[in-house]
1. Quick check: pseudo-label points 7 Å beyond the Cα along Cα→Cβ at Ala240 and Ser106, how many nm apart are they?
2. Using 20 Å bins from zero, what percent of all Cα-Cα pairs in the chain falls into each bin?
3. Among Asn92, Asn167, Asn196, which one shows the biggest mean-square fluctuation in a GNM of the chain, springs joining Cα atoms closer than 10 Å?
4. Quick check of the Kirkwood formula: for region 175-318, what is the inverse mean of 1/r over all pairs of different Cα atoms, in Å?
5. Rounded to two decimals, what ratio of Rg to Rh does region 109-268 give with C-alpha atoms and a Kirkwood Rh?
6. Might you report the magnitude of the Cβ-based charge dipole of region 62-317 about its Cα centre, with Lys and Arg at +1 and Asp and Glu at -1, to the nearest 20 debye?
7. Could you identify which residue out of Asp245, Asp287, Asp221 has the top mean-square fluctuation in a GNM of the chain using Cα springs shorter than 10 Å?
8. Pick from Trp119, Trp225, Trp204: which is most flexible by mean-square fluctuation in a GNM of the chain where alpha carbon atoms under 10 Å apart are linked?
Amino acid sequence: MSNLPKRYDRATLVKISDLYYMHGLTQQEISEIAHIHRTEISRILKAARDEGVVSIAINPETTAVSQLVDFFKQKYGLRDAVIVPSSENGGNELNALSVYASMFLSKIIKSDDVIGLSWGSTLSSVISQFPTDNKLHGIKVVPLVGGPMGRIPSNYHVNYLTHRLANRLNGTAFVLDSPAFVRSKALRKELLANPNTQEILSLWTRVNIAIFGMGSSLITDSPDWQAFYENTNFKSYFSAEMVGDILSHPFDKNGKVTRDIDSILVALPLSALKKVPYSVGIAFGEDKVTAILAALRGGLLNTLITTEAAAKSIKDLS
């Protein structure tokens, strides 16, 4: 039985598919050009695939990339690994990584999930690639770490990212009204007792997908890093032995986490992160290689999304 939408013949399927796949137009742009409702464009594209007008083949550059994926799964017991082929980045690693990450995450996210996020430019880029046309419902998106003490770009702030992702997933966003670092143990205790914060802490126990970037000892001079940790004594905890951080928890080359910081940090403990069904770390670049390797050694994530170049460097150091 044909899956063609009523009123549209094969020629229309070819035309719409050409605009979408070959010319890169969005469904909204095609809708305006063809004077066809956007939801109908989506049906036409599905019918084009079903009818064989469009054939989608994924070329993972099998030998190199798939072998890297197998290596990371076997070596570090990962649940999954997504490695972006070097030929796919087109000179823009962040954009290519974001496309692959959003595709993977869109595949695993289900209705009623509780999704936890960290902050940063990488997550901001990934979220921008998420589709908005889905049938998901009941999703909750929650911050896993407090905010900065200094000024960072607003679109990198964890509370802003939770709203953006929730909007794209038809979900509900929750806000953590606390900085990541507080000035005393007593103040932290007071903040955690706040009813709004208590709601966040309760949701942390239900997070089944955690999505986070990674900090590195090699990026401490970057403007975003400096701004986030401005007016804190984080550097005193981020000692010479520390090579990276996840959710502002510093760890050494073996992924061992320092606990000294716990009394002034508002963030999901990494011991809890290890129990999340999908703990998805997204990072790339030579300045992150040592941190990613350490996180893998410490079992701080069970799913890695990175680039082929970074993956090769990590493997060479393993």
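Just so it is clear, none of the values below were taken in a lab; they were calculated from the coordinates. Keep in mind that what you see is a predicted model, and the values were worked out from it rather than measured. Note: ideal-geometry Cβ built from the backbone for every residue, glycine included; neighbour counts use all protein chains shown.
1. 4.8
2. 30, 53, 16, 1
3. With Cα springs under 10 Å in the chain, the top fluctuation among Asn92, Asn167, Asn196 is at Asn92.
4. Radius from the Kirkwood sum: 15.9 Å.
5. Radius of gyration relative to Kirkwood radius: 0.97.
6. Dipole about the Cα centre, nearest 20: 640 debye.
7. Asp221
8. Trp225
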